[in-house]
Amino acid sequence: MSKIAPLSGFPELLPAQRAVEREVVASVSRTFELHGFANIETRVVEPIERLAKGGEVDKEIYVLQRIAAEPDARAELGLHFDLTVPFARYVLEHAGHLEFPFRRFQVQPAWRGERPQEGRYRQFTQADVDIVGRDELPFHHDVEVMAVMVDALRRLPIPRVSFQFNNRKLIQGFYRGLGIDDVTDAIRVIDKLDKLPADEVATMLVERVGATPEQAQRCLELATIRVEDTSFVERVRALGVADDLLDQGLEELAAVVEGCRAVAGDAVGVEANLRIARGLDYYTGTVVEIFMEGYERLKSVGGGGRYDALASDGRTTYPGVGVSFGVSRTLIPLISDGVLSGSRPVPSVVLVALNTEDDRTASTRVAAALRARDIACEVAPSPAKFGKQIRFAERRGIPYVWFLQADAETGQQSHQVKDIRTGEQVDADPATWTPPEDDLRPTIVSTVETPSTTHDPEENQ
């Protein structure tokens, strides 16, 4: 039989690696729930006409079609390439059963037929958190949902992440106040600063957008403002541009930065970066990109923002604000580099040893007593010598081995449990013994020295 080759772009994790992913998903989910967000799960397929919007992503949509379909049959369903499109449909379909503002989080796979590379996969898991309103959604929800994701990521044992915020109203108001007509094209040109020298970008603004050299210089000056506090407000004002939309954008961006800094502590960076723009035809206010220190090569590991028209049925519009965290995009490179690993590949805390095959029933009763108190365990597969059973537990990462001994005269059974990491062996009762909290389930082993996640929000008041 020929060797099975992996499918490029469809990563599969080994058990200990999967334990890392599960713990991360559990952690962010708990944080979202702490803030009152309800979990939903949407179907993996959507109608092609809902997914395909005429953009570049249309080329990456995987279609769903039966092998036995007619040769000329047109595919009608596709796998979702993010969680926003299915969420918009979900809101429209179930609006009559939802309470608005609707607070949801969703952790699911998505699929894109793009060229696989580090951090970009054809199948990947995302964690999204959003707040959606009916017809209106007050701005304070922008601050709230961004702070929720800051809170979620600061609790993870990953390298320090940086939330870089901007506001589309700020950008558009600045360009409008400057007298530039084609704001969208100007933003597209400024976005090239990551790849081209500033003087080339300035030339493009003049030749392609129709800006004057003075206007182009002001655009570049705005795009280079990047600070960790609200001092950007004074720096933008100093550029001498006046516009009502600009004023609103400055006020909103300052509120988001201050609100997120209040919960970030030292574990997460919060910045105003006036070059960030994100989807030009989508976001209408707050925008954010999330970057991970030491892994800038991945580009952003998350992002999102405000969208005033998530969905509409022609009568009602549903504005929203949300953030997406790339679970696979972040974790797989960290696991591959040895930064993150699982403490053990199995959930079992205890291996119940076997003296002889006749003792299997007694050992199974011990295991049942432990499981009744939520202690994961398994019975040894065979009554090998105790040394071999201990080595079996070591290979599986199981920290404790349970021994039963029957008194030759009375027939009474005694119990002992051994921590095979330290060699300590003590008497134990299966009805009361409990391992330390850290041993109860597989945990994440991280080489990252993360700052304490305990933080008093009043420190930033």
Could you work out how far helix 327-336 tilts from the main Cα principal axis of the chain, as a 0 to 90 degree angle to the nearest 10?
-> 60
Treating the angle as unsigned and between 0 and 90°, give the value, to the nearest 10°, between the Cα long axis of helix 15-34 and the longest Cα principal axis of the chain.
-> 60
Once both labels are modelled 7 Å past Cα along the beta-carbon direction, what's the Lys299-Glu12 spacing in nm?
-> 2.9
With charges set only on the Cβ (+1 for Lys and Arg, -1 for Asp and Glu), what does the dipole of the range 64-174 come to about its Cα centre, in debye to the nearest 20?
-> 440
What does the charge add up to near Tyr90, with Lys and Arg as +1, Asp and Glu as -1, over the other residues with Cβ less than 11 Å from its Cβ?
-> -1
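Taking a threshold of 26 Å on the Cα-Cα distance, which of the pairs Lys59/Lys299; Lys59/Lys169; Lys192/Lys299; Lys59/Lys192 fall above it?
In this structure, Lys59/Lys169 lie more than 26 Å apart at Cα.
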Normalised convex hull volume, the range 207-315, alpha-carbon set, Å³ per residue | 171
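Using 0.36 nm times the number of residues separating Val445 and Arg43, minus their current alpha carbon distance, what extension gain do you get?
141.4 nm
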Projected onto the charge dipole of the range 112-155 (unit charges on the beta-carbon of Lys, Arg, Asp and Glu, signs +1, +1, -1, -1), the Cα from Gly119, Val143, Ile131 with the largest positive-side position is that of Gly119
For the range 1-156, the Debye formula with one identical point scatterer on each Cα and no solvent gives log10 I(q)/I(0) at q = 0.09, 0.11, 0.21 Å⁻¹ as -0.38, -0.57, -1.41
Selection from Thr284, Ala368, Gln412, by position along the positive dipole direction of the chain (Cβ) | Gln412
Going by alpha carbons, how many degrees (0 to 90, nearest 10) lie between the helix axis of 84-94 and the longest principal axis of the chain?
-> 90
Vicinal HN-Hα couplings computed from phi for the range 101-118 (Karplus, 6.51 cos²θ - 1.76 cosθ + 1.60; Hz; Gly/Pro x) | x, 8, 10, 10, 10, 8, 10, 8, x, 9, 9, 9, x, 9, 6, x, 7, 4
Between the alpha carbon centres of the range 150-197 and the range 90-148 the gap in Å comes to 20
Any idea what diffusion coefficient the chain gets from Stokes-Einstein, in µm²/s, Kirkwood Rh on alpha carbon pairs, 20 °C, 1.002 mPa s?
-> 84
Per residue, what accessible area does the chain have, given a 1.4 Å probe and all protein chains present, in Å²?
-> 50
Between Glu136 and Asp58, what is the label-to-label distance in nm when each label sits 7 Å out along the Cα-to-Cβ direction?
-> 3.7
For the pair Lys385 and Ala431, what calculated FRET efficiency results from E = 1/(1 + (r/R0)^6), where r is the Cβ-Cβ distance and R0 = 35 Å, to the nearest 0.05?
-> 0.80
To the nearest Å, what is the center-to-center distance of the range 25-69 and the range 210-268, using C-alpha atoms only?
-> 33
Of all the accessible heavy-atom surface of the chain, with the other protein chains kept in place and a 1.4 Å probe, what percent is carbon and sulfur?
-> 48
Projected convex hull area of the range 64-178, Cα atoms, direction-averaged, in nm², equals 12.8
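The values are calculated or read from the model by the stated rules, or taken from the named source; none is laboratory data. Keep in mind the model is a prediction, meaning the values are calculated, not measured. As a convention, Cβ positions derive from the backbone with ideal geometry for all residues, glycine included, and neighbour counts pool all protein chains shown. SASA here: full protein model, heavy atoms, side chains in, ligands and nucleic acids out. Shrake-Rupley method; radii C 1.70, N 1.55, O 1.52, S 1.80 Å.
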